[in-house]
Amino acid sequence: MPLPLEERQSFLAQPHIGALAVNKAGRAPLSVPIWYQYSPGGELWIITSPDSQKMQLLKESGRFSIMAQVLEPTVRYVTVEGPVTRIGPMSDEMHLEMASRYLTPDQVTRYLKYAEPIGVQVAVYMRPEHWLSADMGPL
């Protein structure tokens, strides 16, 4: 059964690992796990390297989708797709926000130190346009 808009937005705002998919000409879409940030009614954003294959494809296609799912307490998923609305520099505050969303406080500092040598990252924003969702009940 599809989820109402408020439930879809609430579900997507939770810290699930997303599956990002972006079109790749002549092949199946590139699909990779990714951390994302979303607040109900707002833009969704991800962080990536400006030189990554993911970034190249995002610029070429101008669109992407994110799918998040859980198996408990019920089988439930939300997929959202939309246009890239902007690409901008990632700030230290944004990196901290993203890491804090997914990691425990004691892991955040270690992760940020580990990620430091990765170099410059950018934030890619998407305005959700198309939603697909379901709650299929308990297993």
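The values are calculated or read from the model by the stated rules, or taken from the named source; none is laboratory data. Computed from a predicted structure; not experimentally measured. Neighbour counts run over all protein chains shown; Cβ positions are idealised from the backbone, glycine included. We work out accessible area using only protein heavy atoms, side chains counted, and drop any ligands, DNA or RNA first. Shrake-Rupley method; radii C 1.70, N 1.55, O 1.52, S 1.80 Å.
Gln69 meets the conditions (1) surrounded by 15 or more Cβ atoms within 10 Å (Cβ to Cβ); (2) part of a loop (DSSP other than H, G, I, E, B) in every case but one. The failed one is (2). When only residues in segment 1-19 that are aliphatic (A, V, I, L, M) and open to solvent by less than 90 Å² (accessible area, probe 1.4 Å) count, which is nearest to Lys59 (Cα to Cα)? Per the criteria, the residue is Ala19.
Within segment 86-98, being open to solvent by less than 60 Å² (accessible area, probe 1.4 Å) and either of a type in the set (Val, Ile, Thr) or touching a residue at least 60 places away in the same chain (Cβ under 8 Å) (or both) holds for one residue alone: Met98.
If you scan segment 115-133, which residues turn out to be free of Cβ contacts under 8 Å to residues at least 40 places away in the same chain and surrounded by 10 or more Cβ atoms within 10 Å (Cβ to Cβ)? So that I can check it myself, show each step before the final result.
Filtering segment 115-133 for residues free of Cβ contacts under 8 Å to residues at least 40 places away in the same chain gives 115-117.
Selection gives Ala115 alone.
Considering Val32, Val22, the condition of being surrounded by 15 or more Cβ atoms within 10 Å (Cβ to Cβ), modelled with pLDDT of 95 or more and hydrophobic (A, V, I, L, M, F, W, C) is satisfied by Val22 alone. Scanning segment 85-104 for residues that are polar (S, T, N, Q), under 13 Å from Ala123 (Cα atoms) and in a loop (DSSP other than H, G, I, E, B) gives a single hit, Ser91. Here the condition is being open to solvent by 70 Å² or more (accessible area, probe 1.4 Å) and either within 13 Å of Phe11 (Cβ to Cβ) or in contact with a strand residue (DSSP E or B) (Cβ under 7 Å, 6 or more places away or on another chain) (or both); of Pro50, Pro83, Pro40, it holds for Pro40 alone.
Results for (1) within 16 Å of Ser133 (Cα to Cα); (2) in a helix (DSSP H, G or I); (3) among the basic types (Lys, Arg), shown as yes or no for each residue.
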{"position": "Pro33", "(1), (2), (3)": "no, no, no"}
{"position": "Glu60", "(1), (2), (3)": "no, yes, no"}
{"position": "Phe64", "(1), (2), (3)": "no, no, no"}
{"position": "Tyr77", "(1), (2), (3)": "yes, no, no"}
{"position": "Arg110", "(1), (2), (3)": "no, yes, yes"}
